[in-house]
Structures are given as C-alpha cells and as structure tokens.
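In what follows, a single structure is set out as structure tokens and then discussed.
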Amino acid sequence: MKSIIITASFCFITISSVCANILLEKPTPITLNQVEELQHQWRASFNWAFGRISNFEVCSFNCNYEQQKAGCALLLLGIPVRSCNFNYRSYLKEIIEYYRSSFNYYFQRPIQFNTNNATIISYQELRRLLSNKKYLFYTGAGISAASQVPTMRELEKSLHMESPKLFFKELMLNPRSIAESFSIFCKQAMQALPTAAHAALHTIAQTKGCAIITENVDLLQHKAGSVPLHTHDVQLRSAKTDDLKDVDIVVTVGLRHDDCGFLAWYKKHNPNGIIVAIDLNMPTYLSKDDFLVKGDIQEIIPQLATDMLK
C-alpha cells in the first residue's frame, strides 16, 4: 500500500472572465448564496493506483461523490469487480476519455528534493521580497487545518488503508461502509468554515489583483469570498509560457509537496521564478534559490493582509 499513487480530480462551478494573464488576475468574487448553490453541485473523485503499466492502471480503487451521494469501486483493467453506488461508464469511448483525463493530473513531473536547500527568511524579508513584484498564491491542505478539514491521512485511515488486508476485506464484504466513509470525508470538507488565512488571502488577492490557486477539495476559499483557480481547471492549464514568465514569485501557503507538478511546470517555463513557502516546516519542492517563511499560516497571512492595506 505504501507505493500507491494517489490522483484526484474535482469539479467545481467556476465564474471566470477574460484576462490577458489569468495568473495575475484577481479571483472572481462569490456570494454566500452562490456558495450554497455550489455545494449542491460539488463533486469529487479520488483514485488510488495499485499497479501501472506505463500510464495505464492495471488495478485501482476509486471513490466518487456526486449529487450528495458517494460511491466506490475496485477496478481491474478499468472494469469494476466490486462496487457500491458506482456510476460505471458503459461505453468504451467514455472509458477511454476517463483514463485520458486521469493522465492530465500532472502539469509536469513534481519537484522533490531530498535535502533542505532553501533559505529561511523573516516576515519582514518576505514583505520586502514581494514589494513591486508580480506574484500569486498557491494553497495546500495546511491552510485548512485550523477548520478541522480531514486530511488525506485521516481519509485513508477511515477507509482502513493503513491495513491492506483489512481494507480489501472491508471492500469486498461491505463496500457500502467504504462509500459511507468517503461521504463523511466529503461532507466535512464541504461544510467546514474558512479560516483567518482564507479571509486574508481574499483581501490580498482582491486588492492586489493576483490569483489564488488551490489543490484543496474544500470550498473554504469560496466561502471567504473568492473563487480560486483549482489545479484541475481547464483555464489554468491553458496558461501560456509568457503568462508563467510574468509571475515573479509563487507564494505557497500550507503546501507540503508539489503533488500536481504545477511548481515544476512554473520553474520549467520560468527558470528565474522564485517560490516562497509559508509553512511550519520545510516543503520538499524548494531549491537553493527559493525561500521559506517559517511560522503559523493563520498569523502570517492575516498580518500580511493588514500591512499591505496600510
């Protein structure tokens, strides 16, 4: 189970406008009434690959949540051998499109360094670094931790994935309980409340005109008033090389790993671009040319918003 490759895809209603560079455009505002409507149409799909030949998944486990109902399935060569509430794609064309879309999970092969090369800087140095620069924010699970949104580790524990024998036994004998565990995870993620950091990012992005990108499955940034770009949004993936070169700095917030390879994609097209992480610990994607502001996200981001509005 330790070698499992986890991919995920999420579908949200997004409200977008035309802009020369979407990476440097302030997020579309959203009202609480719109968020409530969005919750009814919120859907998510997680896929764990147990074996691959090239990009093809030989055996995989899928959980999905759509129309407020969860399902799960163990698939062999794309065919469910045990499932519950699983919406099986009955046509070959749909199956092919499903696997083709799963290959697009990565922007680029993710960055991962085994040593901590980045320079640790102070909050004051962060303020100076951002001064007169073009930047965007990229949020990970750490920004939502204060809202008690369950983590991937907690999800896998609820699915019994820490014990392969127990997981497969439960999946084969009682797949409904697996689907229900995933349903609980999705509802907790969907119903949680935004943190002070979410609210502060909304203020900064709307005031300074910069994008917020997220790979989180929750709607917390929406509830704070801004529609973020999700890593699976088509408009984000359509960003051009010149768009990436225009971004001087990517500020990551509570992002431990470059799971989707977005940061690798950014560095490939903009070698001079800088990544600044705000986190309690050193992330794995920072190079010797990048920086870490070590501290509590829920304190640093609100302070940054206050100072930027002065």
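To the nearest 0.05, what FRET efficiency results for LYS288 and VAL234 with a Förster distance of 45 Å applied to their C-beta separation?
Efficiency computed from Cβ-Cβ geometry: 0.85.
Using a Gaussian network for the chain with springs between C-alpha atoms less than 10 Å apart, which of these wobbles most: SER181, SER131, SER158?
The residue with the greatest mean-square fluctuation here is SER131.
I need the P(r) histogram for the stretch 129-185: all alpha carbon pairs, bin width 10 Å from 0 out to the longest distance, whole percents.
20, 34, 20, 13, 9, 4
Using the alpha carbons of the stretch 161-310, what is the convex hull volume per residue in cubic angstrom, as a whole number?
Details: hull volume 22.5 nm³, N = 150.
Cα-based convex hull of the stretch 161-310, divided per residue, equals 150 Å³.
Taking one equal scatterer on every alpha-carbon of the stretch 240-287, how large is log10 of I(q)/I(0) by Debye at q = 0.22 1/Å?
-0.74
Using a 10 Å cut-off on Cβ atoms, rank the peptides 160-173, 38-51 from the highest mean neighbour count down.
The densest-packed peptide leads the list: 38-51, 160-173.
Quick one: pull the percentage of alpha-carbon pairs in the stretch 115-221 with a separation above 19 Å.
Here the tail beyond 19 Å accounts for 60 percent of pairs.
Once you charge only the Cβ atoms, +1 for Lys and Arg and -1 for Asp and Glu, what is the size of the charge dipole of the chain about its Cα centre, to the nearest 20 debye?
Charge dipole of the chain: 440 debye, to the nearest 20.
Identify all aspartates and glutamates with a Cα-Cα distance to LYS157 below 18 Å; exclude those on the same chain that are fewer than 8 residues away in sequence.
GLU170, GLU180
Hey, in the GNM for the chain with a 10 angstrom Cα cutoff, which one of LEU236, LEU77, LEU292 fluctuates hardest?
LEU77
Give the lysines reachable from LYS223 as a straight Cα distance under 19 Å; neighbours fewer than 8 places away on the same chain don't count.
Candidates past the 8-residue exclusion: LYS26, LYS187.
Along the charge dipole of the chain, which of LEU201, THR28, HIS160 sits closest to the positive end, that is, farthest toward it, with unit charges on the beta carbon of Lys, Arg, Asp and Glu (+1, +1, -1, -1)?
HIS160
Between ASN174 and GLU37, how high is the FRET efficiency from 1/(1 + (r/R0)^6) when r is the Cβ-Cβ distance and R₀ = 41 Å? Nearest 0.05.
0.75
State, to one decimal in nm, how far the label point of SER163 lies from the label point of GLN191, with both points 7 Å from Cα in the Cβ direction.
2.8 nm
From the alpha carbon gyration tensor of the stretch 217-299, can you work out the equivalent ellipsoid semi-axes (sqrt of 5 times each eigenvalue) and give them in Å, largest to smallest? Walk me through the numbers before you get to the answer.
Numbers: eigenvalues 81, 77, 23 Å².
Those come to 20, 20, 11 Å.
Can you list the aspartates and glutamates whose alpha carbon is less than 20 Å from that of LYS294, not counting same-chain residues fewer than 8 positions off?
Cross-link targets: GLU125, ASP258, ASP279, ASP307.
When the Cα atoms of the chain are enclosed in a convex hull and the volume is divided per residue, what value in Å³ results?
Taking only Cα atoms, the chain has a hull volume of 135 Å³ per residue.
Coordinate-derived values only; no laboratory data. Nothing here was measured: the structure is a model prediction, and the numbers come from that model. All Cβ positions, even for glycine, are placed from backbone atoms using ideal geometry, and neighbour counts span all protein chains on display.
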